[in-house]
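These notes concern the structure reproduced below.
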Amino acid sequence: MKVLKFGGTSVGTPESLQYVQAIVNSQTEPCIVVVSALGGLTDKLIATAEAAAVGDASYEERHQEIYDRHKKVCSSVTPKSRLSSVWNKVSFLLDELSAVFKAIYLLRELTEHSKDLVVSYGERMSSIIVTSMFDNASLANSLEFIRTHKHFGKNVLDQDASTKLIKETFNKLRNTRITIVPGFISRDQSERITNLGRGGSDYTAAILAAELNADVLEIWTDVDGFMSADPRIVDNARIIDRLSFVEAMELCNFGAKVVYPPTIYPVFHKNIPIIIKNTFNPKAEGTRICDGEILTTDILGVSAISDTHLITLKNAKNGLYERMINRLAGQGIETLMPDGRKCCGVRGSDVKRAEELLRDEFAQELIHNTIEHIAISEKLSTVALVCRGNQLGVDTTSELLSALNSHGIPVVHAPQQASPCTVACMVNANNLSEAIQVIHSTFIHN
Ligand code: ADP
Ligand code: ASP
Ligand code: MG
């Protein structure tokens, strides 16, 4: 059995859905097909909810656009014999969504729960539409079997509850050839709708592949494989034909958007290979992510976390730095490039909570001036160069610095070894694309 995942880039239009249909129909073994919302829809749902929350009545027009887009896609891809029943289901959800937007507009309030509810409609609708394209497909709704619970204020997978529900659901579907599953969405212990985080459909697919012992997890997207850099930034980025799980994890953790980072863990544990394939060019081999050492010394790629903040304890006395790192780590906040003396980076999504925690941790020190202040630099990016295995050269750090210097790109936080195979540094966000291009041409293209 296989798990195939098609992202928003693959399910965005009637034309792209024809490619999806052909790929799924060509499968010779039973498969689970995980789908994202129509491309760009999740961003649009969030923007519409945010407009409604500030009293911007244009939310109604935006909802109408969402409605029209689904109507067009649904009527283009659904066989006539099923169209009316399928459109009934989709338009029921669209009407419900309209009511949710109206409630947000009247309340002038967008809570975490209402935002999670709003974004869930994307995958709920796309999965109904994709199911309708196949004569013999069943729909298995993730809201019934992916459970989350809170961990340091974030919704994370509730492994035990999900394992049990997945087994129950898929036992009943044992003889089904094609099962369509909405990615990304889940429920919490109080049955409220949650999700696995942006890009989370990859993770849904990996959870199912691991729980159901799939032979392979295929991630179908819009590029020919995992590449040495984001091809939208580097024209001559090259395909990496094979990666170990650890190498893929390193590139993804440092921002390679092609796979959502938590995706690797469930399949890594079961040693189930991941193959990254191009929906629009299925003949291309793609990238195989699997176990095992690859005995070359290549540099693999450049990844970047575009929204990074650098937190510095200004004029802090000794010993306080360790407390900063411990407090953040103890609350589940990952620190990027800690310098061992006074500063560390955090992701944009964590910075607000990190600041609150540090103001609490150092309340006395700030009053008594043992710390002058906590400085937070904005608009920075972390850029990382990842090598195979532990093959980082002794001079890589200084070579990276001089490459950036020689192109006049200011380095805000000096390069340092971030792991046995990665060197990272911070640059101003507006220099990020150029920094990636320079590093790629210095270390990879040459
Ligand atoms: P999907 O909708 O299929 O989930 P995503 O937009 O999440 O697609 O991921 C695919 C995109 O990831 C590609 O279009 C590419 O621009 C971007 N990307 C970033 N880094 C890389 C990389 N190292 N290799 C390939 N693609 C990358
Ligand atoms: N639709 C969700 C998002 O845009 C999940 C996904 O596409 O993987 O983040
Ligand atoms: Mg994605």
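Select from segment 119-139 the residues that are touching a strand residue (DSSP E or B) at 6+ places or on another chain (Cβ under 7 Å), of a type outside the set (S, T, N, Q) and not in a helix (DSSP H, G or I) and write down the one among them that is farthest from Ser81 (Cα to Cα). Before the answer, list the steps.
Residues of segment 119-139 touching a strand residue (DSSP E or B) at 6+ places or on another chain (Cβ under 7 Å): 119-120, 123-124, 126-128, 130-131, 134, 136-139.
From what is left, the residues that are of a type outside the set (S, T, N, Q) are 119, 123-124, 128, 130, 134, 137, 139.
After this cut, where a residue has to be not in a helix (DSSP H, G or I) as well, the list is 134, 137, 139.
Working: Phe134: 12, Ala137: 15, Leu139: 18 Å.
Here the residue is Leu139.
Which residue is farthest from Val130 (Cα to Cα), if the candidates are limited to segment 5-23 and must be within 14 Å of ligand 3 (Cβ to nearest atom) and outside any loop (DSSP other than H, G, I, E, B)?
Step one: list which residues in segment 5-23 are within 14 Å of ligand 3 (Cβ to nearest atom), which gives 5-12.
Narrowing the set further to residues that are outside any loop (DSSP other than H, G, I, E, B) leaves 5-6.
Working: Lys5: 12, Phe6: 10 Å.
Restricting to residues being within 14 Å of ligand 3 (Cβ to nearest atom) and outside any loop (DSSP other than H, G, I, E, B), the top hit is Lys5.
When you look at Thr263, is it of a type in the set (S, T, N, Q), under 23 Å from Thr287 (Cβ atoms), within 16 Å of ligand 2 (Cβ to nearest atom) and not in a loop (DSSP other than H, G, I, E, B), yes or no? Full working, then the answer.
Numbers: of a type in the set (S, T, N, Q): yes; under 23 Å from Thr287 (Cβ atoms): yes; within 16 Å of ligand 2 (Cβ to nearest atom): yes; not in a loop (DSSP other than H, G, I, E, B): yes.
It is true that Thr263 is of a type in the set (S, T, N, Q), under 23 Å from Thr287 (Cβ atoms), within 16 Å of ligand 2 (Cβ to nearest atom) and not in a loop (DSSP other than H, G, I, E, B).
How many of the residues making up segment 273-300 are acidic (Asp, Glu), modelled with pLDDT under 95 and over 14 Å from Met249 (Cβ atoms)? Let's see the steps before the verdict.
Just the residues of segment 273-300 that are acidic (Asp, Glu), to begin with: 285, 291, 293, 298.
Now narrow it down to the ones that are modelled with pLDDT under 95: 291, 293, 298.
Pick out the ones that are also over 14 Å from Met249 (Cβ atoms) and you get 293, 298.
Residues flagged as acidic (Asp, Glu), modelled with pLDDT under 95 and over 14 Å from Met249 (Cβ atoms) within segment 273-300 amount to 2.
Quick one: how many residues across segment 278-309 are touching a residue at least 60 places away in the same chain (Cβ under 8 Å) and under 22 Å from the mean Cα position of the chain (by Cα)?
Residues of segment 278-309 that are touching a residue at least 60 places away in the same chain (Cβ under 8 Å), as a first pass: 279-280, 282, 284-287, 289, 293-294, 296-309.
Going one step further and asking which of them are under 22 Å from the mean Cα position of the chain (by Cα), we end up with 279-280, 286-287, 289, 300-309.
Residues that pass the stated criteria total 15.
Can you tell me which residue is farthest from ligand 2 (Cβ to nearest atom) among those in segment 44-57 that are of a type outside the set (Lys, Arg) and under 23 Å from Asn141 (Cβ atoms)?
Among them, the one singled out is Ala49.
When the residues of segment 171-194 are narrowed to those that are touching a Ser or Thr at 6+ places or on another chain (Cβ under 7 Å) and closer than 19 Å to Val11 by Cα, which ends up farthest from ligand 2 (Cβ to nearest atom)? Break it down stepwise before answering.
Pass one, segment 171-194, residues touching a Ser or Thr at 6+ places or on another chain (Cβ under 7 Å): 173, 176, 179-188, 193-194.
Right, trim to closer than 19 Å to Val11 by Cα and you get 179-185.
Values: Thr179: 18, Ile180: 15, Val181: 12, Pro182: 9, Gly183: 5, Phe184: 4, Ile185: 9 Å.
By that ranking, first place goes to Thr179.
Mind counting the residues in segment 198-235 that are away from ligand 1 (no atom under 11 Å from the Cβ), touching a residue at least 24 places away in the same chain (Cβ under 8 Å), at negative phi and not hydroxyl-bearing (Ser, Thr, Tyr)?
Within segment 198-235, residues that are away from ligand 1 (no atom under 11 Å from the Cβ), touching a residue at least 24 places away in the same chain (Cβ under 8 Å), at negative phi and not hydroxyl-bearing (Ser, Thr, Tyr) number 12.
Can you report the number of residues in segment 24-35 which are away from ligand 3 (no atom under 12 Å from the Cβ) and buried (at least 19 other Cβ atoms within 10 Å of the Cβ)?
4
I'd like to verify a number: residues in segment 137-151 that are touching a Ser or Thr at 6+ places or on another chain (Cβ under 6 Å) and of a type in the set (D, E, K, R), how many?
Residues that pass the stated criteria total 1.
Would you mind finding the one in Ser91, Ser114, Ser98, Ser85 that is exposed (fewer than 14 other Cβ atoms within 10 Å of the Cβ), small (Gly, Ala, Ser) and assigned to a helix (DSSP H, G or I)? First the steps, then the outcome.
Details: Ser91 fails: exposed (fewer than 14 other Cβ atoms within 10 Å of the Cβ); Ser114 fails: exposed (fewer than 14 other Cβ atoms within 10 Å of the Cβ); Ser98 fails: exposed (fewer than 14 other Cβ atoms within 10 Å of the Cβ).
One residue alone meets the criteria, Ser85.
The conditions are (1) surrounded by 14 or more Cβ atoms within 10 Å (Cβ to Cβ); (2) of a type in the set (Gly, Ala, Ser); (3) in contact (Cβ under 8 Å) with a residue 40 or more places away in the chain; (4) not in a helix (DSSP H, G or I), and Ala49 fails exactly one of them. Which is it?
Every condition holds for Ala49 apart from (4).
All but one of (1) within 27 Å of Arg242 (Cα to Cα); (2) within 27 Å of the chain's Cα centre (by Cα) hold for Ala429; which doesn't?
So the condition that Ala429 fails would be (1).
Among the residues of segment 274-324, count how many are more than 16 Å from ligand 3 (Cβ to nearest atom), part of a loop (DSSP other than H, G, I, E, B) and surrounded by 15 or more Cβ atoms within 10 Å (Cβ to Cβ).
Matching residues across segment 274-324 total 2.
Here's a check for you: in segment 205-260, which residue that is among the polar types (S, T, N, Q) and within 14 Å of the chain's Cα centre (by Cα) is farthest from ligand 2 (Cβ to nearest atom)?
Of the residues in segment 205-260, the ones among the polar types (S, T, N, Q) are 213, 221, 228, 236, 244, 253.
Of the ones still in play, those that are also within 14 Å of the chain's Cα centre (by Cα) are 221, 253.
Values: Thr221: 10, Asn253: 17 Å.
Residue satisfying both the conditions and the ranking: Asn253.
Would you point out which residue out of Asp68, Asp43, Asp56 is surrounded by fewer than 22 Cβ atoms within 10 Å (Cβ to Cβ), at pLDDT 95 or above, within 16 Å of ligand 1 (Cβ to nearest atom) and over 27 Å from Asp215 (Cα atoms)? First the steps, then the outcome.
Details: Asp68 fails: within 16 Å of ligand 1 (Cβ to nearest atom); Asp56 fails: within 16 Å of ligand 1 (Cβ to nearest atom).
It is Asp43.
Limited to segment 339-351, what total is found for residues that are surrounded by fewer than 19 Cβ atoms within 10 Å (Cβ to Cβ), modelled with pLDDT under 95 and within 25 Å of the chain's Cα centre (by Cα)? Lay out the reasoning, then the answer.
We begin by selecting, within segment 339-351, every residue surrounded by fewer than 19 Cβ atoms within 10 Å (Cβ to Cβ); these are 339-342, 347-349.
Adding the requirement that they be modelled with pLDDT under 95 leaves 339-342, 349.
Okay, now just the ones that are also within 25 Å of the chain's Cα centre (by Cα), so 349.
Qualifying residue count for the region: 1.
Consider Ser75 carefully, then state whether it is surrounded by fewer than 16 Cβ atoms within 10 Å (Cβ to Cβ) and in contact (Cβ under 8 Å) with a residue 12 or more places away in the chain. Break it down into steps so the answer makes sense when it comes.
Numbers: surrounded by fewer than 16 Cβ atoms within 10 Å (Cβ to Cβ): yes; in contact (Cβ under 8 Å) with a residue 12 or more places away in the chain: yes.
For Ser75, the condition - surrounded by fewer than 16 Cβ atoms within 10 Å (Cβ to Cβ) and in contact (Cβ under 8 Å) with a residue 12 or more places away in the chain - is met.
Quickly run through segment 10-43 and pick out the residues that are of a type in the set (Ser, Thr, Tyr) and either more than 25 Å from Ile146 (Cα to Cα) or near ligand 2 (Cβ under 9 Å from one of its atoms) (or both). Step through it out loud before you land on a result.
Here is the first cut: in segment 10-43, the ones of a type in the set (Ser, Thr, Tyr) are 10, 13, 16, 19, 26, 28, 36, 42.
Thr13, Ser16, Tyr19, Ser26, Thr28, Ser36, Thr42, listed by residue number.
Name the single residue that is farthest from ligand 1 (Cβ to nearest atom) among those in segment 28-40 being closer than 19 Å to Asp202 by Cβ and free of Cβ contacts under 8 Å to residues at least 40 places away in the same chain.
Here is the first cut: in segment 28-40, the ones closer than 19 Å to Asp202 by Cβ are 31-40.
So of that shortlist, the ones also free of Cβ contacts under 8 Å to residues at least 40 places away in the same chain come out as 39-40.
Details: Gly39: 6, Gly40: 9 Å.
Checking each candidate, the answer is Gly40.
For Thr287, all conditions in the list (1) in contact with a Gly (Cβ under 7 Å, 6 or more places away or on another chain); (2) within 16 Å of ligand 2 (Cβ to nearest atom); (3) hydroxyl-bearing (Ser, Thr, Tyr) hold save one; what is the number of the exception?
Failed condition: (2).
The values are calculated or read from the model by the stated rules, or taken from the named source; none is laboratory data. Just so it is clear, the model here is predicted, and its values are computed rather than measured. For neighbour counting, all protein chains shown are included, and Cβ atoms are generated from backbone atoms with ideal geometry for every residue, glycine included.
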